[in-house]
Amino acid sequence: MGEPGREEYRIQSFDVESQQLLKTALKDPGAVDLEKVANVIVDHSLQDCVFSKEAGRMCYAIIQVNNMPMMALVNPVYDCLFRLAQPDSLSKEEEVDCLVLQLHRVGEQLEKMNRQRMDELFVLIRDGFLLPTGLSSLAQLLLLEIIEFRAAGWKTTPAAHKYYYSEVSD
């Protein structure tokens with residue numbers, strides 16, 4: 001997001017009508033139908049695997065503007081997270097990193113709005129961790145960390161922090 005033009009590049013891959021809808025949503029979410037925006041983002045992300053890792057970030061950016069309620073985005077955000085939790089995505093470190101980052105950001109709020117879908121998502125994450133087919137060590141570490149993060153009530157315990165982040169602080 002900090003890179004100049006990066007947001008425009010993502011939006012330019014949409015048709016003109018969708019581009020306008022997304023630009024408006026990013027500037028003034030109250031002026032558009034957020035469910036329509038979410039559906040446009042999800043549909044595009046499901047067609048373009050590369051875009052799917054950015055979809056969660058776009059939705060997060062939209063809900064942060066004017067503290068808009070996230071309700072209209074709950075299921076589309078879950079759809080994107082489910083896509084990132086599929087075996088083909090879990091084999092790519094950058095997609096696992098995106099999945100874990102988004103869960104750190106909005107996981108607790110998503111779970112409050114739909115616990116059943118979060119449980120289903122974590123079944124996929126757990127299976128991806130336990131049945132590794134080509135998972136890198138980093139991907140396994142990230143998946144284990146997010147499993148423990150949720151189990152601890154969406155908080156990092158001191159012991160978990162020391163275990164997962166000791167290399168960073170050294």
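Brief remarks follow.
- Rounded FRET efficiency, nearest 0.05, which uses the C-beta distance separating VAL123 from LYS36 and R0 of 35 Å: 0.70
- Within the accessible area of the stretch 40-117 (1.4 Å probe), percent carbon and sulfur: 49 percent
- Number of Lys-Lys pairs in the chain with C-alpha atoms under 25 Å apart and a separation of 8 or more places or on different chains: 10.
- Charged-residue dipole, Cβ positions (Lys, Arg, Asp, Glu), the chain about Cα centre, Debye nearest 20: 440 debye
- Relative contact order (%) - the chain, alpha-carbon pairs under 8 angstrom, separation at least six: 16 percent
- Mean ellipticity per residue at 222 nm, deg cm²/dmol - from DSSP H runs of n ≥ 4 across the chain, formula -39500 (n - 2.57): -24000 deg cm²/dmol
- Compared with the direct C-alpha span, the chain from LYS112 to ASP28 gains 27.7 nm at full extension, assuming 0.36 nm per residue.
- Local electrostatic count, LYS36, Cβ distance below 12 Å [Lys/Arg +1, Asp/Glu -1]: -4
- Averaged over its residues, the chain has an accessible area of 54 Å² per residue, based on protein heavy atoms and a 1.4 Å probe.
- Derived value for the chain: Kirkwood hydrodynamic radius 16.8 Å. Basis is the mean of 1/r over every pair of different alpha-carbon atoms.
- The candidates ILE41, ILE147, arranged from most to least accessible area with a 1.4 Å probe in the full protein assembly, appear as ILE147, ILE41.
The values are calculated or read from the model by the stated rules, or taken from the named source; none is laboratory data. On a predicted model such as this, the values are computed, not experimentally measured, just so you know. All Cβ positions, even for glycine, are placed from backbone atoms using ideal geometry, and neighbour counts span all protein chains on display. These area figures cover heavy atoms from the full protein model, side chains too; ligands, DNA and RNA do not enter into them. Shrake-Rupley method; radii C 1.70, N 1.55, O 1.52, S 1.80 Å.
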